[in-house]
Structure formats: structure tokens, C-alpha cells
Amino acid sequence: MKVLVLDTIHGGTILAEALLRNGDDVDALDVYRGVGLTPEEAASRQYDLITSPVHLDPAYPLLNTKTPAISHHEMTRRLAGPLPKTVIEVTGARGKTTVSFAIASLFTTKGVLHTSRGTYVYPDGTMLWKKSITPASVLLAAGGAKTHHAEWLVAEVSAGVTGIGTLGVLTSPDDYPIAAGKKSALAAKLESLAKCTTVLVPKGVPLKAGWHVIDDLVSVEGDVLSWNGGSFRNPLLTLAGYREPLKCAAAAGLLLGLDPGRLAGFAAIEGRMQYYIEDGVPFLDNANSGTTKATTLAAAAYLRNLVPNKEIVLVIGEEHKAVCEGFLDDAIRQTIEDISPVQTIAVSKTGGLNFADARVRALSLAKEHNAAVLLAVKTWR
């Protein structure tokens, strides 16, 4: 089969390599940077199938031909080889990484966890590699699961799931435009989830027959999460940034026949409300790909509750251009005004300090002002 893979940046290269191993004849086109094969050259050739990311403008000329076209998500599903007996795919605008880590913590058997923070073998937590969460990366995670004789795979996936999952999880009902503003991200995610055997979603999204709603399975009051037959306490449940992910993971555990009570010991992960002391300075690290005004204000309130007698040195901004939803300048300015830090360090994807350098500067300023540091930069880590 002659296949054209569009977009080599967001997982297209992985798909092209997998197709070549499958014996197909493949062309790969970098639609964003304009290097290598040109659109004109591709247009002059005949293809049996085209695959493109869901976020590509549907008006892109090579998509408007008589050649059948499928998404990268669907191509990944078609190319997936042997899989563990249990596969959980996690997608959503917020909370994907936290939910993925929390679900992985429910298992007592050997498995592989694939997230934006890295791909790990459980239960020892050994990191295999760090890749993107484009759908094509699921092929690599599945390969790692096979190599390590994993019984389960939890995979965080951007902009939808591939459909290989025995359980597909949507972490939040938030929507935003993709594909040059012509498509709904939520609609794309819901369409992909329909291919999974079992689906778990938050309230507020259109339901299909047999789909499960998180709030129908679990509830939270204060720091206690309950379900029919049990409950557990975890102080993280008082934080919105953890309450919803832990509810989601607990509900997933019930559907998988696992004990949600194991989440009583779940601790904050790096970049997601993690509190620690460095060189005598309190830090609250909430710098991740999902950082927004709302999460930053919540983090500031949490930090002030932990160290009420200290001012805040705020590190804020957006570092990585590949983040789908931006931390817009107006939102950043309003966040700074609302928090009123003693010092502010701005991080920008267009210049100035990067996140690592800003963090070092913040430590110095915090010592100078006897303050605490809040890290609130939208970035992939």
C-alpha cells in the first residue's frame, strides 16, 4: 500500500517507520516546517491512503482529494501489535498526567505507564524514555510493554485516544478549537473514545450507551473520597487540581476491578502542586502543560495556607510553543495582579529567561525577601 503521512513533527515519523516495517511504501511530509518532500511533489503522486493529525487544518490541499484519509489516532490503532491484557488510554484538556499516574498506582502487577513526564516500568518506576504524548508514541509504549512482559499499559494521549484501550478515559469536559479553529477538540476526543471497550467520562459531556460517568461512581467531601463499599482519605482531595483526577482514577479503578483505597497514599507529583523545601526556601511547583490562571490562583492559595507568613516570588509565563492551549498574556497579567507577589519573574516562549534560569533567579530572590516560590509556567517537562 502506498501511504502519505502528513506532519512528521507530531508523531508522523514514528508512523512512517512502522508502516515501512509493515511492508508499505511510504512518503512523509513535514507540513509545518517545509523541509524534505514538498506538497507539490506529494500532489503529483498517487496514494492509497493518507494519514494526518486531527489538529491539521481540514482545508490543507492534500486532504481534499479522492484519496481516503484517516487520523494519526486511527493509524496508530491499525498498526498496534500485541498488547497487554489491560490497556487504559487517558485523554482530556486537564489532568491527564495526574490521572495516568494515579491509575498506574492502583496496580500491584507489572506494567508500563506512558505520560508526558516519561514512560516508566511499574512497580519499580524505572524510566524507559521520555517521548511526546502524540498518538504514535503509543506504539513505542506498547512495544515497551511487550519487551518488559507487562500485564497492563496506561497511556496518556493528546487530542483523543487511539481506540486500543480496554478502558478509555476522558479527564475533563473542557473544549477548545483545533484544526485552524474549524474543529472541536472535545468532539474529536469523544469520537475517538467510542472505539474503546469501556469508556469513563466526567459529567457534562454527551453520553453514548454504556458509558460511565465519574460522579455516578464516586463522590468527595472534604478530604474523603467515597464509593459504594468503601472510602479513603487523602489531603490532596482538598485541592481542585487533585480532587478531580483522583475521582477519575478511583472511578477507573472500580471499572477495572482494582481497589481505589490504594489512592490514600498517592502523593503530589512534580509540576503538579508539589511542595518542597530547597536550600531553606519553600517551593510550590505547579509548572506543567496544563498551567492556567485558575490552577495558578489555586496554587497560590495553597502555598499561602502552607506558609502564611511569607510573601511569594512568582515565576509565571509560557515556555513551550507546542502546548495546545496557551497561557495568554492577558490571563498572565490578571493572575499576577490577583496574586500580588513580592517579585515576579516572567518566562516567555519568544525570548527572555527560560524556565530553568527563572527558577534559579527565583531561589535567589526568595532568599533576599524571605519569601516562598511559586512556579507557574506552562511548559512540557
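Out of the stretch 214-224, which residues are outside any helix (DSSP H, G or I) and either touching a helix residue (DSSP H, G or I) at 6+ places or on another chain (Cβ under 6 Å) or crowded, with 20+ Cβ neighbours inside 10 Å (or both)? Of everything in the stretch 214-224, those that are outside any helix (DSSP H, G or I) and either touching a helix residue (DSSP H, G or I) at 6+ places or on another chain (Cβ under 6 Å) or crowded, with 20+ Cβ neighbours inside 10 Å (or both) turn out to be Val218, Val220, Asp223.
Scanning for something assigned to a helix (DSSP H, G or I), free of Cβ contacts under 8 Å to residues at least 60 places away in the same chain and either among the charged types (D, E, K, R) or closer than 27 Å to Leu56 by Cβ (or both), does the stretch 200-213 turn up at least one residue? No: zero hits. List every residue pair whose Cβ atoms lie under 9 Å apart, where the two residues are 6 or more positions apart in sequence or sit on different chains, the first residue falls within the stretch 166-184 and is among the basic types (Lys, Arg), and the second residue, located anywhere, is not in a loop (DSSP other than H, G, I, E, B). Cβ pairs passing all conditions: Lys183/Pro177.
Under the condition of being over 26 Å from Tyr32 (Cβ atoms) and buried (at least 20 other Cβ atoms within 10 Å of the Cβ), the residues counted in the stretch 191-203 number 6. The set of residues from the stretch 255-282 being part of a strand (DSSP E or B) and surrounded by 19 or more Cβ atoms within 10 Å (Cβ to Cβ) comprises just one member, Val281. If I ask for residues that are small (Gly, Ala, Ser), under 24 Å from Val87 (Cβ atoms) and out of contact with any Phe, Trp or Tyr (no Cβ under 9 Å at 6 or more places or on another chain), which ones from the stretch 167-185 would you list? Once the filter is applied, which keeps residues that are small (Gly, Ala, Ser), under 24 Å from Val87 (Cβ atoms) and out of contact with any Phe, Trp or Tyr (no Cβ under 9 Å at 6 or more places or on another chain), the stretch 167-185 yields Gly168, Ser172. For the stretch 283-381, the helices (runs of 4 or more DSSP H) that sit wholly inside it and include 3 or more residues that are open to solvent by 60 Å² or more (accessible area, probe 1.4 Å) and farther than 20 Å from Gly241 by Cα are 329-339, 355-369.
Results for (1) among the hydroxyl-bearing types (Ser, Thr, Tyr); (2) in a helix (DSSP H, G or I); (3) out of contact with any Phe, Trp or Tyr (no Cβ under 8 Å at 6 or more places or on another chain); (4) within 21 Å of Glu74 (Cα to Cα), shown as yes or no for each residue.
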residue	(1), (2), (3), (4)
Ala187	no, yes, yes, yes
Leu190	no, yes, yes, yes
Phe232	no, no, yes, no
Leu236	no, yes, no, no
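For the stretch 151-182: of the residues being hydroxyl-bearing (Ser, Thr, Tyr) and within 16 Å of the chain's Cα centre (by Cα), which is surrounded by the most Cβ atoms within 10 Å (Cβ to Cβ)? Ranking the qualifying residues of the stretch 151-182, first place goes to Thr162. Residues in the stretch 44-81 that are closer than 16 Å to Lys182 by Cβ, open to solvent by less than 50 Å² (accessible area, probe 1.4 Å), in a loop (DSSP other than H, G, I, E, B) and in contact with a strand residue (DSSP E or B) (Cβ under 6 Å, 6 or more places away or on another chain): Val54 alone.
The test for being open to solvent by less than 10 Å² (accessible area, probe 1.4 Å), of a type in the set (A, V, I, L, M, F, W, C) and in contact with a strand residue (DSSP E or B) (Cβ under 7 Å, 6 or more places away or on another chain) does not hold for Leu128. Give the residues of the stretch 225-248 that are open to solvent by less than 60 Å² (accessible area, probe 1.4 Å), in contact with a helix residue (DSSP H, G or I) (Cβ under 7 Å, 6 or more places away or on another chain) and farther than 18 Å from Asp174 by Cα, sorted by residue number. Matches in the stretch 225-248: Leu225, Trp227, Gly230, Phe232, Asn234, Leu236, Leu237, Leu239.
The values are calculated or read from the model by the stated rules, or taken from the named source; none is laboratory data. Everything numeric here is computed off the predicted structure, so don't read it as measured data. Please note: Cβ atoms are built from the backbone with ideal geometry, for glycine as well, and neighbour counts cover all protein chains shown. Protein only, heavy atoms only, side chains kept; ligands, DNA and RNA dropped before computing areas. Shrake-Rupley method; radii C 1.70, N 1.55, O 1.52, S 1.80 Å.
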